Amino acid sequence: MTAAADVRMTQAHMNAPPALTVRGATKRFGAVVALDGVDLTVRRGEVLALLGDNGAGKSTLIKCVSGVHRFDSGSVEMNGVPVEVTSPAVARTLGIETVYQDLALFDNLDPAANFYAGRETAGPRWLPRGLRVLRRGPMVETTADVLKRLQVGVADARTTVGLMSGGQRQAIAVARAAAFATNVVILDEPTAALGVRESRRVLDLILRLRDEGHAIVVISHAMDHVMEIADKAVVMRRGRMVGEEIPRPENRQKIVSLIVGGDD
Amino acid sequence: MVRATADNAARGRIGGYDPPSVGLAVIRIGPVLMLVVVVTVISFLSPVFLTTRNVGNVLGQTAAIAVLALAQLMVILTRGIDLSVGSTLALSAVVGAMVFESVQSGPIVILAMLATGTAVGAVNGALYVYGRLPHPFIVTLATLSAARGLALWLSGGQPHRGMPDIVQALGGGLLGWLPYSTFLVAGLALLTLLLTTRLVWGRWIYAVGGNPEGARRAAIPVKGVLISVYVLSGLAAGVAGVITAGRLNAGSPTFGELAELDAIAAVVIGGASFLGGRGNVANALVGALMIGVIRNGMNLLNVDAFLQPIVIGVVILIAVELDVIRGRLEERFRVIQAVRS
């Protein structure tokens, strides 16, 4: 893509309604207030870093957005249209794909089966979903195409992902999200537990997704990675948004102090 | 070519393959290899073993275990266990015999037996999923006790003689030297194979076993999948009840004692993992055959019957040890992958 086209695309994204808007989100677990009136906006072609110490509410926020939990109150809009994310299935239909920290991969299945878990290509259509016959060919081909497009190298496409290295597995999890996300890709600690070289690959992969026009939310504790790939850094503390910064070397210290709450 | 070989040697490969992947390939066919070894040894020691009559005998004796093992495999694939199948087998045999005493219809008797098994399976599945019990071990331990008790109570503790002709044929009839039950097992194995490898539902069974929380987040109907495997296991216990009752022309509350352990042993010998998501139909059948062959072979060789459980115990240990070795090899395989990428 030429630089000019890149700029044009970014402008188009800026003028369009944000891919995801969360307003006034709250969530309680019993007496614990996990989210206390949180607002969040992410646009296409933008990487938003969600920062905060452990227990700040980052994971709760993304689990609500991806349908694992439900907000107690608050509203969610996608591309300017109000939506209710009532379950993981609904999140998927809305084009929200999430890569969880604990890697929601199936170690006993191959990459194609992982890609299509819960949305298998199968027929005939008149049968109930579970009784349909798997159409393995198209699933394997599409998976191979996506992995190739995102430059994720897999030695043997029939190997179960349990036999792959941490970096390969994370790349497959990210590529799976990319393959099906039409709106937002959410990544929870995508580089945790990865080596330097493996992290590099995953970061490049995230940048590639951004260039393809995905809206991306990344939770990360790795400040170096945040500074490098994020267009916007949002800091949470005790269930609230406490700051928003453009990550630049000069305000790195400011972001860190927002996270740890040194100004209290 | 020379360069490739040198390259392979430098990377510690054998003929282009890594030692761990060679090991993994061997372990993958491990259950079959073990069966071949056992069959070869016994056939050398006993001239009778490989006669058609004895092979038919082994197959007939193994049929009920094989049917139970097919269903137990699906349960174990989801990280579960079904301890109730032996008792359910007895209950369905007793129900069948008692229905036959008032209704002289083969199909109705068979239907009653299958319905009995399915009902127990449905209770297991529903209690486990909706009762939110910690592990199916508990639920099926309870139904193991309850179903056996119900069978004893209904029958008055006595075997009820007599089964319809069609049930007798399914349990003990022969086509040439092959028991009818072998064809029944083959048919059910084919159905289980198609379910587990070709249908979406089967893919979900593996997914639920591989990563239950991941399956939930992938919008797979986890509860439905879990209930279904216990229902199928109950149905299989009903079928095994038909085979056993037909073979002995009776329904007795003592049928199928410890049959659940045979079924579990068959699945484990077949290389399935208790951690879920790993195992296949062919190997589960091989595991069932292994148990049948060992029992039959030791009878032919006049080995003390008390030694049989010991030998089967050793075979189970070997199978589990192979699974441990597989885990280690996979770890080494991963390291090699990471270094290379």
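What follows is calculated from the coordinates using simple rules that are stated; it is not laboratory data. No experiment lies behind these values; they were computed from the predicted model shown. Reconstructed Cβ throughout: ideal geometry from the backbone, glycine too, with neighbour counts over all protein chains shown.
Things worth noting here:
- Packing rank of A:48-57, A:127-136, where each peptide gets the mean count of other beta carbons within 10 Å, highest leading: A:48-57, A:127-136
- Label-zone membership for segment B:218-257, site B:Leu191, 7 angstrom Cα→C-beta point, backbone N under 15 Å: B:229-243
- Cross-link partners for A:Lys63 among the lysines, with Cα-Cα distance under 25 Å and sequence neighbours closer than 8 places in the same chain left out: A:Lys27, A:Lys232, B:Lys223.
- Converting phi to 3J(HN,Hα) with the Karplus coefficients 6.51, -1.76 and 1.60 and the offset θ = phi - 60°, segment A:36-50 yields 10, x, 9, 10, 8, 9, 9, 9, 5, x, 10, 9, 9, 9, 9 Hz in sequence order, with x at every glycine or proline.
- Dipole magnitude for the protein assembly as shown: about 720 debye, using +1 per Lys or Arg Cβ and -1 per Asp or Glu Cβ, origin at the Cα centre.
- Remark on B:Gly162: its backbone amide H falls under 5 Å from those of B:Ala250, B:Gly251, a criterion applied only to residues 5 or more positions apart or on other chains, H modelled at 1.01 Å from N.
- A Förster radius of 35 Å combined with the Cβ-Cβ distance from A:Ala157 to B:Ala146 puts the calculated FRET efficiency at roughly 0.15.
- Folded to 0 to 90 degrees: helix A:3-15 orientation relative to chain A principal axis, Cα: 70
- Dimensions (Å) - segment B:54-308, Cα atoms, principal axes, largest first: 51, 41, 34
- With a 10 Å cut-off around each Cβ of B:158-166, the average count of Cβ atoms from other chains is 0.
- Spin-label model, A:Thr86/B:Leu178: points 7 Å from Cα along the beta carbon direction are separated by 5.2 nm.
- Each residue of segment A:222-228 was assigned a 3J(HN,Hα) from its phi angle through the Karplus expression (A = 6.51, B = -1.76, C = 1.60, θ = phi - 60°), giving 7, 4, 4, 5, 4, 4, 6 Hz with x at Gly and Pro.
- Sorted by Cβ density within 10 Å, fewest first, the residues A:Thr143, B:Thr51: B:Thr51, A:Thr143
- When only alpha carbons of the protein assembly as shown are considered, Rg and Dmax amount to 28.9, 90 Å.
- A protection proxy built from the mean count of other Cβ atoms within 10 Å ranks the segments A:22-31, A:219-228, A:108-117, most packed first, as A:108-117, A:219-228, A:22-31.
- Rounded tilt (10° steps) of B:19-28 against the dominant C-alpha axis of chain B: 10
- Here A:Lys58 is the anchor, and the aspartates and glutamates within straight C-alpha reach of less than 15 Å, apart from those fewer than 8 places off in the same chain, are A:Asp36, A:Asp39, A:Asp102, A:Asp188, A:Glu189, A:Glu244.
- Amide H within-cut-off set for A:Leu51, under 5 Å, with H built and near neighbours excluded: A:Val234, A:Val235, A:Met236
- Here B:Tyr206, B:Tyr180 are placed in order of increasing Cβ neighbour count within 10 Å, fewest first, which gives B:Tyr180, B:Tyr206.
- Between the amide H of B:Leu199 and those of A:Leu134, distances stay under 5 Å, these residues lying 5 or more places away or on another chain, with hydrogens modeled in the peptide plane.
- In degrees, nearest ten, helix A:166-180 long axis to first principal axis of chain A (Cα): 90
- Residue exposure proxy: A:Asp188, B:Asp82, ordered by other Cβ atoms within 10 angstrom of their Cβ from fewest to most, comes out as A:Asp188, B:Asp82.
- Counts of other chain beta carbons within 10 angstrom of each beta carbon in peptide B:202-212 average 5.
- Label point 7 Å beyond Cα of A:Val133 along Cβ direction - residues of segment B:181-221 with amide nitrogen under 16 Å: B:190-203
- For segment B:114-119, 3J(HN,Hα) computed residue by residue from phi via the Karplus equation (6.51, -1.76, 1.60; θ = phi - 60°) reads 5, 5, 4, x, 4, 4 Hz, glycine and proline entered as x.
- Selection from B:Ala215, B:Thr143, B:Ala284, by position along the positive dipole direction of segment B:54-308 (Cβ): B:Ala215
- Length-normalised contact order of chain B in % [C-alpha pairs under 8 Å, at least 6 apart]: 31
- Each part reduced to its alpha carbon centroid, segment A:130-158 and segment B:133-157 end up 45 Å apart.
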